[in-house]
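Here's the structure we're looking at; comments come further down.
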Amino acid sequence: MEENRSNSVNEPAAEYGPYSYADYLRWDLEEMVEIIKGRYFKMNAAPKRLHQKISLHIATELYQFLKGKPCEVYEAPFDVRLPVKSLKNEEIFTVVQPDICVICDPKKLDEAGCLGAPELIIEILSPGNNKKELQYKYEVYEESGVKEYWIIHPNEQTMLVYTLKADKYVPSRLFTSGDSVKSACIEGFVLDLESLFMEME
């Protein structure tokens, strides 16, 4: 049987694992990584300028809207740990860095980031990471109880919203420029996609 070296390696390798948050803390890497169900994923190179403009636009709107409210918005890089059975570092096997997340329970926030499911997660698709966002992260966000998961496709100028109902995600219709999208979990927050996608011009 091949030796499991998840507790002895100083950097991730595809043939070892599963990896935990304890491993993640020990790695000394130049690039950023995420762990999803014990499997590590290298983050893409620095996001493109358009990606950053869209992220900043949405985060700014959320920040302004949430002033004076209990919820807080954070942008990547920001570690979100999604435990399954235990809160121990060596037993947490998913650590992600969503582009944007909103946390409404202050008990989930600590100096390391967020421990537990945010209410809202927003991911902005970039070339090369679509499978990770659309498949792997979809699964862990649903299983962890993220109430809303927004996926934005800048090149196509579209947005899809997944809302958690009875522990399963229910997809919205495909939103496009000209639509206004209301959050189901951040009451009163509406994102104007026409204004958002004007950032691309």
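No value in this document is a laboratory result; all are computed from the given coordinates. In this text the structure is predicted, and so the values were computed from the model without any measurement. Positions of Cβ are generated from backbone atoms using ideal geometry, with glycine treated the same way; all protein chains shown enter the neighbour counts.
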Size of electric dipole in the stretch 25-114: Cβ of Lys, Arg +1 and of Asp, Glu -1, about Cα centre, debye, nearest 20: 280 debye
Rounded tilt (10° steps) of 49-66 against the dominant C-alpha axis of the chain: 70 degrees
Farthest positive-ward along the chain dipole, Cα basis, beta-carbon charges - from LEU134, LEU50, GLY38: LEU134
Entries in LYS53/LYS168; LYS69/LYS132; LYS53/LYS131; LYS53/LYS88 that, when Cα-Cα distance is taken, lie over 28 Å: LYS53/LYS168; LYS69/LYS132; LYS53/LYS88
Computed over the stretch 58-201, Kirkwood Rh from alpha-carbon pairs, angstrom: 15.7 Å
Sorted by Cβ neighbour density within 10 Å, fewest at the top, the residues PHE189, PHE93: PHE189, PHE93
The chain: most fluctuating residue of LYS37, LYS147, LYS48 per GNM, C-alpha cutoff 10 Å: LYS48
Segment ASP110-LYS182, extension gain: residue separation times 0.36 nm, minus the distance between their alpha carbons: 23.0 nm
Cysteines in the chain lacking a second Cys C-beta under 4.7 Å: CYS101, CYS114, CYS185
Cα-based reach from LYS165 at 17 Å (exclusive), listing lysines while leaving out same-chain residues under 8 positions away: LYS147, LYS182
Proxy reagent accessibility, fewest Cβ within 10 Å first, across GLU91, GLU75: GLU91, GLU75
Debye, to nearest 20: dipole size of the stretch 46-201, +1 on Lys, Arg Cβ, -1 on Asp, Glu Cβ: 180 debye
Debye, to nearest 20: dipole size of the stretch 150-190, +1 on Lys, Arg Cβ, -1 on Asp, Glu Cβ: 120 debye
